[in-house]
Structure formats: C-alpha cells, structure tokens
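Report on one structure; see the data block that follows.
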Amino acid sequence: MDIIKQIAEELKLREEQVTEAVALLDDGKTVPFIARYRKEKTGSMDDQTLHILNERLNYLRKLEERKQEIISAIEAQEKMTPELNSAILGAKTLVEAEDLYRPYKQKRRTKASVAKERGLQPLADLIMEQRHEINPTAEAARYISEEKEIPDAEAALSGAMDIISETVSDDADLRKRLRNLLGLRGFLNVKAADPETDSVYRNYYEFSKPIERVAQHQILAVNRGEKEEMLKPSLVMPEGLGERIVTKAYVLNDSSSGQLVETAALEAYKKSLFPAIQREVRSILTDSASEQAIKVFASNLRQLLLQPPMKGMITLGLDPGFRTGCKVAIVDPTGKVLATDVVHITASSKMQIAQDKEKLKRLILQYQVAAIAIGNGTASRESEQIVSEILHEIPEHTAAYMVVSEAGASVYSASRLAAEEFPDYDVALRSAVSIARRLQDPLAELVKIEPKAIGVGEYQHDMPPARLSESLTSVVEDCVNAVGVDLNTASSSLLSYISGVHSGIAHNIVAYREENGIFNSRKELMKVPKLGAKAFELCAGFLRVRDGRNPLDNTGVHPESYRAAEALLKTCGYSLNDIGENLSELGKKAESRGFAALSAELGVGEPTLRDIIKELQKPGRDPRDELPKPLMRSGDIMTLEDLKSGMELIGTVRNIIDFGAFVDIGVHEDGLVHVSQLSKQKIAHPLDVVKVGQVVRVRVMECDVKRKRISLTMKGVSQENLYS
C-alpha cells in the first residue's frame, strides 16, 4: 500500500485509480487494453500514464525487494539495530539502500579488514572518541604483537587509521550529503585529449559549467567524446568544500586523536570517497540524460508512426544512387508491387540521363502514379531535381513527390522478413518498395524495422539497449493498437504488436489465413493455434474484419460489449445495418436519455458507452485520417546557394532534439530551428511547440554554404494557410 500511495502522489492520481491499474497489470492485462477497455476502473488513464505507472511500480517493487535482502543479510550478521532497520526501510532509492548496506557488505580483503583481523578495532574506536587525555601512540603500543604482525606502535596506529578511513568512506549519510552537494555546487570541467586535433567536439575543448546547469544533450556529447578518447571530463567541487564537510562530520577537536582522525578522514575523501561520489554523480547525470533522450526519441517515433497515410494512391518509390543507378518500385494503393526497374538519372552521361528520364516518365504515365517517394540518402538531391523536371514536362498528369527518410530501409531490405516477403528481389529493390510503402502507410511499413534504426532521436546508440528497446517497443505497440489493424491484410510484423499477440501467434494468424482464406468474424480467431481465451480478450478489439458477418467486427467495440452495443442501437431505434453514417444522430439520442441512466441500463460504464457511440458512427475509423496530410512537392527545387536571409519557406519537421528541431525545406540539407527560435514565448522543450512530420513555415536566418548549415526561425512567422 505504501507503493500505491507513493505512485499516486508522484503521478497526481487517486489511490483507487492506481490500485485498479496495478491489479490489472498484475493480472496480465496489457497497457493498450487497459487504456482502451478498462477506463471505468482506471479513471480513463491513458497509455503513456500507464507506462510511467508500470515503470515506477517495477522500480519500487525492486527497491522493496532489495531492502528486504539487505535487512536479511545484516540480521544474519547479528548487526541490525532499530535505527538502521528504519533507515533502510526509509531509503527512497536503490543507491541510498546500497549506501546503508555498504559497511556490512562482504568485501575483498582491504587494509581495514586486515587491521580488524589483527584486533585493532578497539584502538580505532578509542581514537575516534578524540579525548584530550588520550595519548594515541601510548595506546597503540599496547597492541604490539609479533603473532599478529604488529611490530611497533606506528604499525598499530597505521592499521587503526585504515579502519577510520574505511568508516568515513562507508558513511551512508556523508555519501548522500556529498552526492547532493556535488550536484548542486559542483562543476563539469572538460579538456581536450589533444587540443591540436580538430573534431566535432571542439565546443567542449575548454568547457566548464555548473553541474546543475549542464544540458542533457551536453552530458551525452561529453560521454561520447570521452568514449572516443577525444575529451577528458571531470566533476569538481569548489575548492576545499568537500574536505570541510568531511572534517566537520568527524573531527571533534584538535587533540592528538582529533588530528589523526582528520588525517584519516581526508585520506578517505581523497582516495576513495570523492572518486566514488564522482562516479555515482556521473552515473546519475548519464541516467537522467539517457532517460530524457529516450523520452524525446519515443515522442518523435510516436509522431512519425502516427503520420497520416496517403491512402488510395499508386505510389512510386525511388531509392537514389550514383554508380548502381536509382532503384524504382511502383506499388498499388494496397502496397502490392506492380513494377520494378532501375534508372540511371544521376549518371555522368547526359545521354544516359535523358534516356532513363524518359523511361521514368513512361512508368509514371503507364501506371498512373500519383505520388513519388524519394529516399533522402546518397544522390537524393540529384534525383529530386530530375523528378521535379519530369513532373513539369507532363503537365497533363497530376502527381507530386515527397522526400522521405530512408532510415532503417537498408535494415529492413536485408532482413529475413524482407527476404520472405520478396524472395525474387535484390536488396536495393526491396528498399525502393519500403520507401514507397512508408509514404502510403508509415505505421504498417515502419513496424517491420527495429525501432532504434528508424533514426528519429539523438545519441540512440549510446543509450542502455534494453531500456531503449523497451521504451520504443511500447511506443510502437501503443500506436498500432490505437490505429487497429485489418485482420485479413496485416503482416505478421504488424500483428505481433497487437495487444496479447506475440510473434508466434502472429505467424499462426497469417498461416491460418493463408490456409483457410480470409477471416469472416473475430470469433474465428479462437481457431488459431495458441490463441486462447485470454489472448482473444486482449487482442480482439484491436483487430478489424471488414465486410464480415457482423458489422461490429469492423469497429473498435470489444466483443464483450457487443450485447450492449446492440441494445443501444435498438433503444435508439436503429439496427446493426445502420452502423456508419446513418448513425449521425446516435450521440444526441443517447444524450437525451442521459448518459448515466443509459450506461446503467446497458450495463457498461459511461466512458465505454461514449466510445461505443463513436465507433458505431465511424466504423473502421483511422485516427490518423483526421491529421493534416504530409507536404507533397511538385515545383522547382532549390539549392543551398539559392537561400537568402529573410526567405520564408514551408517545410516538414524531420527530427526533434533537446536544443531544437530539424526542418526539411527542400534543399537536401535540413535546417535547424534552435529552441530559442521556435516561439516568442520561452518554452521548456521543442516538443512543446512542434512534432515530427508537422508542416511549418520558417524564415531563413543564415545559410553557411561551406559548412552546409542552415539556421531557421519560426519567431514571428505565421503558421496559417500552410496547405493553400
């Protein structure tokens, strides 16, 4: 219950909400299922809040488990005290709990442990009392023993000092104070490993900043520079501050014993305590920066996956290249490949370019291509120029193009999945197909690629792999389930992200479909091997059956609510055959009866009733259709040299990082809108203003042609009529 209360306070939720959510998670219910179909229990908690709750729950449970392990270990040594037990139980983090356990943890033999074995603990305790009348040397002489390898008083004092040093180093409260102090008052200083060597880290060659003001992306940049042996970072405390804290904690007076304690304490601070604190704070900073980077990556990925699909369009995918030519793939509105080819429109021979330009033109006209997706890799700018020229030369044909990110396309095209899907195509042609499809339906195509390979983040290769994978996989699952999938056309890759469906069940669904034909109802899912009642409960509502026996199977209404949906229709004077546009008045009729009363009558909660009404009015609804479409181009393209300060251009946000947003304005190189230029108002993060895939109007501030850097601003730039 303490965990429930703590999570409720941290997330500003009611305790009963958290209790219900935890019970559902413990029962094996997935986050998408809980967010969509158990709103009454959780108070309509959304998927992102549920993920945060689940992560915090796992951490706190792990913390409690570790506390009990520590308590048991100390009790086994018969060293537990009521005060220590209370301190351990009150620890807020794993680091605090481990600090308390540190003095009792089994260690490799140290100078202090050897001194204790020789019986010098009482001498160390006596010196720690720091009584003026005590002569440490005289007391040490009492411990001289050939048998215990203590030849003289000096050796005894040295052993006692080792024990005192370790005591200081293991002090949990002192470690916590120093850790907090370093974070609040310390500095991150960075030097170049070789100042004469130029690198992307030059901004950090002489870098010093208060730790509490260091930006998250700067932490990650310094870490990478250190890993590549280009930078030498260190955390430093204001001069003498740490030493004063340590001596104040342990030195009581200037007696002979006090002087020895001071020497031992400062030795501990210099050799073990502060280096350990430095490592811990570096680790805390890195963990915090990594979590922020993962959060931004996840947000960017969510926005990318939920970009609106370009439905009903025959699309040409163009994978640019120089030496081997540009690979072409034309797909129909469902993504089925109609034709493939290779055109050398970026060749050095003008004759070759002219010939293949005509070939590409014939393909566009022959297959009535409406949209062209150009990969943004090598030779993209040259390919874009030719495509723009072709579209100008066939004014009778309406088509437009868009440069799309091909991040991850090569990963997919070389994968086992791509080989199974296109066994007769080489890797490059598979990539062209992927580029075409990711314009048609970004979600359906991008789920085939490992999330971190999609490349809408920063420093993703430096993140903890398991944590990054967990976070990004959750985002993909949320997006796939939010949109829903067609049970009769979805690939096994797409199906594997559905709530309750793992890769094995996904393959079984596809195999069943291939062997028995299309599904005519959701109920048929129960015939799929390994898909039992629990999996059916979790997945059924997210799988759509178009033109099936029951119109409800093409909605987001869960089978458990079919009876309520049918009763609702009957109560309001409709039938199942009216599902769709004929139910435009359903909401008003339900409202006239009172949602609370109608919910009680139908035996469902009010949030579920509202969801049912929404689904009945728009069966097969794709939430992405309500978003603005991507920016397609058909006019002339510009080069970096064409850009002039003050120009206003329309572009698409390609990536968002902590310090700004990169925008594609059609000149091959993305321009940067620094966070300070995103809005007239001060903002905490670029995600507060823009998102990946958003179409924005920007003004050119500066263009550095030599360094290929474009500085843009959105300050004072109108964002109205972007699609006119």
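The table below gives the values:
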{"item": "Single residue of K271, K336 found to be open to solvent by 30 Å² or more (accessible area, probe 1.4 Å) and under 30 Å from D622 (Cα atoms)", "result": "K336"}
{"item": "Filter pass, I665 being at pLDDT below 90, touching a strand residue (DSSP E or B) at 6+ places or on another chain (Cβ under 9 Å) and surrounded by 20 or more Cβ atoms within 10 Å (Cβ to Cβ)", "result": "yes"}
{"item": "Residue check for A172: touching a helix residue (DSSP H, G or I) at 6+ places or on another chain (Cβ under 6 Å) and not acidic (D, E)", "result": "yes"}
{"item": "Test: residue in the range 457-468 that is over 23 Å from D670 (Cα atoms), of a type in the set (A, V, I, L, M), buried (at least 17 other Cβ atoms within 10 Å of the Cβ) and touching a Pro at 6+ places or on another chain (Cβ under 9 Å)", "result": "yes"}
{"item": "Members of the range 533-548 found to be open to solvent by 30 Å² or more (accessible area, probe 1.4 Å) and at pLDDT 95 or above, listed by number", "result": "A533, K534, F536, E537"}
{"item": "Qualifying residues in the range 609-644 (those that are open to solvent by 30 Å² or more (accessible area, probe 1.4 Å) and part of a helix (DSSP H, G or I)) - the one nearest to R546 (Cα to Cα)", "result": "Q617"}
{"item": "Yes/no for S165 being closer than 21 Å to A268 by Cα, out of contact with any Pro (no Cβ under 6 Å at 6 or more places or on another chain), modelled with pLDDT under 95 and not in a loop (DSSP other than H, G, I, E, B)", "result": "no"}
{"item": "Members of the range 579-610 found to be of a type in the set (D, E) and touching a helix residue (DSSP H, G or I) at 6+ places or on another chain (Cβ under 7 Å), listed by number", "result": "E606"}
{"item": "Filter result for V387 (within 22 Å of Q440 (Cα to Cα) and modelled with pLDDT of 90 or more)", "result": "yes"}
{"item": "Test: residue in the range 590-598 that is within 24 Å of K41 (Cα to Cα) and touching a residue at least 60 places away in the same chain (Cβ under 8 Å)", "result": "no"}
{"item": "Failed condition for T42, given (1) among the polar types (S, T, N, Q); (2) under 19 Å from S499 (Cα atoms); (3) open to solvent by 30 Å² or more (accessible area, probe 1.4 Å)", "result": "(3)"}
{"item": "Close pairs (7 angstrom Cβ cut-off, 6 or more residues apart or separate chains): closer than 18 Å to V296 by Cα in the range 205-217, open to solvent by less than 80 Å² (accessible area, probe 1.4 Å) and part of a strand (DSSP E or B) anywhere", "result": "V214/L188; H217/I657"}
{"item": "Filter pass, K691 being under 21 Å from N376 (Cα atoms), in a loop (DSSP other than H, G, I, E, B), open to solvent by 50 Å² or more (accessible area, probe 1.4 Å) and modelled with pLDDT under 90", "result": "no"}
{"item": "In the range 228-270, residue farthest from Y204 (Cα to Cα) [restricted to those that are in a helix (DSSP H, G or I) and free of Cβ contacts under 8 Å to residues at least 60 places away in the same chain]", "result": "Q259"}
{"item": "Count of the range 125-134 residues which are surrounded by 13 or more Cβ atoms within 10 Å (Cβ to Cβ) and over 58 Å from the mean Cα position of the chain (by Cα)", "result": "1"}
{"item": "Residue check for G159: over 18 Å from T263 (Cβ atoms) and at pLDDT 95 or above", "result": "no"}
{"item": "Pair list, Cβ under 6 Å, 6 or more apart: the range 170-198 residue open to solvent by less than 20 Å² (accessible area, probe 1.4 Å), other residue hydroxyl-bearing (S, T, Y)", "result": "V190/Y204; A192/Y205"}
{"item": "Filter result for L417 (aliphatic (A, V, I, L, M), open to solvent by 20 Å² or more (accessible area, probe 1.4 Å), out of contact with any helix residue (DSSP H, G or I) (no Cβ under 7 Å at 6 or more places or on another chain) and not in a loop (DSSP other than H, G, I, E, B))", "result": "no"}
{"item": "Residue that is within 28 Å of M313 (Cα to Cα), out of contact with any strand residue (DSSP E or B) (no Cβ under 7 Å at 6 or more places or on another chain) and buried (at least 18 other Cβ atoms within 10 Å of the Cβ), where the choices are V475, V528, V501, V485", "result": "V475"}
{"item": "Within the range 458-537, helices (runs of 4 or more DSSP H) holding 3 or more residues that are charged (D, E, K, R)", "result": "465-483, 503-516"}
{"item": "Subset of the range 209-227 [open to solvent by 40 Å² or more (accessible area, probe 1.4 Å) and not in a helix (DSSP H, G or I)]", "result": "K209"}
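The values are calculated or read from the model by the stated rules, or taken from the named source; none is laboratory data. Here the structure is a predicted model, which means the values were calculated and not measured. Positions of Cβ are backbone-derived with ideal geometry, glycine not excepted, and every protein chain shown enters the neighbour counts. All accessible areas refer to the heavy atoms of the entire protein, side chains included, with ligands and DNA or RNA removed. Shrake-Rupley method; radii C 1.70, N 1.55, O 1.52, S 1.80 Å.
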